[in-house]
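**Student:** Below is one structure. I have some questions about it.
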Amino acid sequence: MEDFVWNIKTFDQLSTDELHRILKARIDVFVVEQNCPYPEVDGYDPQAIHLWAENNGEVAAYCRIFPAGIKYPESSIGRVLTNYKYRKMNLGKTLMNFAVNTIEARYRRTSIRISAQDYLLAFYAQFGFIPTGKSYLEDDIPHSEMLRI
């Protein structure tokens, strides 16, 4: 079994090395693996809480968390990923549980909106997310908006 260290930091708390590892993981999954050139550095990172698991200095799973009013009227979770080397280890489930609990504890909110890739709708449903009916292509990948109340 791998040894994972879980981290949660605001942007200002991130070291440059941590930020570099996070951006590398996001680009590896969303740009390279999914063959989707898009502006990964979108200007929202300074407003996010960054949650990730590390193994030997490598980002194994990651997401960013926003308070209400930044991305949506509700709190939100985005850039959810698991490094391909660590898939099938339930890290995504642990990550999402931590993210939901963080929003409830820090923001005293239960309502969370996400933009989910369609092939992951059943995954997010496990955490109480329900499709809103708004579906769209984002960078040529089918997405659906989901809400957890």
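**Student:** In region 90-110, what residues are in a loop (DSSP other than H, G, I, E, B) and at pLDDT 95 or above?
**Tutor:** Answer for region 90-110, where residues must be in a loop (DSSP other than H, G, I, E, B) and at pLDDT 95 or above: there is none.
**Student:** If the Cβ limit is 9 Å and pairs must be 6+ apart or interchain, which residue in region 87-104 that is touching a residue at least 60 places away in the same chain (Cβ under 8 Å) pairs with which residue that is surrounded by 13 or more Cβ atoms within 10 Å (Cβ to Cβ) and hydroxyl-bearing (Ser, Thr, Tyr)?
**Tutor:** Here the result reads 89/82; 91/82, each pair linking region 87-104 to a residue that is surrounded by 13 or more Cβ atoms within 10 Å (Cβ to Cβ) and hydroxyl-bearing (Ser, Thr, Tyr).
**Student:** Hey, another quick one. Condition first: touching a helix residue (DSSP H, G or I) at 6+ places or on another chain (Cβ under 9 Å), under 19 Å from residue 12 (Cα atoms) and at pLDDT below 95. Can you find one or more residues in region 41-51 that meet it?
**Tutor:** Filtering region 41-51 for residues touching a helix residue (DSSP H, G or I) at 6+ places or on another chain (Cβ under 9 Å) gives 41, 45-51.
Subsequent filtering for residues that are under 19 Å from residue 12 (Cα atoms) retains 41, 45-51.
Then drop every residue that is not at pLDDT below 95, which leaves 41.
Yes.
**Student:** Among the candidates 64, 113, which residue alone is touching a Gly at 6+ places or on another chain (Cβ under 6 Å) and in a strand (DSSP E or B)? Walk me through how you get there before you give the answer.
**Tutor:** Working: 113 fails: touching a Gly at 6+ places or on another chain (Cβ under 6 Å).
Among 64, 113, only 64 is touching a Gly at 6+ places or on another chain (Cβ under 6 Å) and in a strand (DSSP E or B).
**Student:** Which members of region 28-67 meet the condition of being surrounded by 15 or more Cβ atoms within 10 Å (Cβ to Cβ), of a type in the set (A, V, I, L, M, F, W, C) and free of Cβ contacts under 8 Å to residues at least 24 places away in the same chain?
**Tutor:** 31, 66
Yes/no per residue for (1) within 19 Å of residue 42 (Cα to Cα); (2) among the acidic types (Asp, Glu); (3) loosely packed, with under 13 Cβ neighbours inside 10 Å:
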| residue | (1), (2), (3) |
| --- | --- |
| 69 | yes, no, yes |
| 72 | yes, no, no |
| 84 | no, no, yes |
| 105 | no, no, yes |
| 113 | yes, no, no |
| 117 | yes, no, no |
| 121 | no, no, no |
| 129 | no, no, no |
| 138 | yes, yes, yes |
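**Student:** crowded, with 20+ Cβ neighbours inside 10 Å and closer than 28 Å to residue 137 by Cβ: does that describe residue 25? Reasoning before the result, please.
**Tutor:** Values: crowded, with 20+ Cβ neighbours inside 10 Å: yes; closer than 28 Å to residue 137 by Cβ: yes.
Here the answer is yes, as residue 25 does meet what is asked.
**Student:** Find the residue count for region 8-25, including only residues that are of a type outside the set (Gly, Ala, Ser) and in a loop (DSSP other than H, G, I, E, B).
**Tutor:** Narrowing region 8-25 to residues of a type outside the set (Gly, Ala, Ser): 8-14, 16-24.
Among the residues that remain, those that are also in a loop (DSSP other than H, G, I, E, B) are: 14.
Count: 1.
The values are calculated or read from the model by the stated rules, or taken from the named source; none is laboratory data. Quick caveat: nothing in here was measured; it's all calculated off a predicted structure. Using ideal geometry, Cβ is built from the backbone for each residue, glycine included, and neighbour counts are taken over all protein chains shown.
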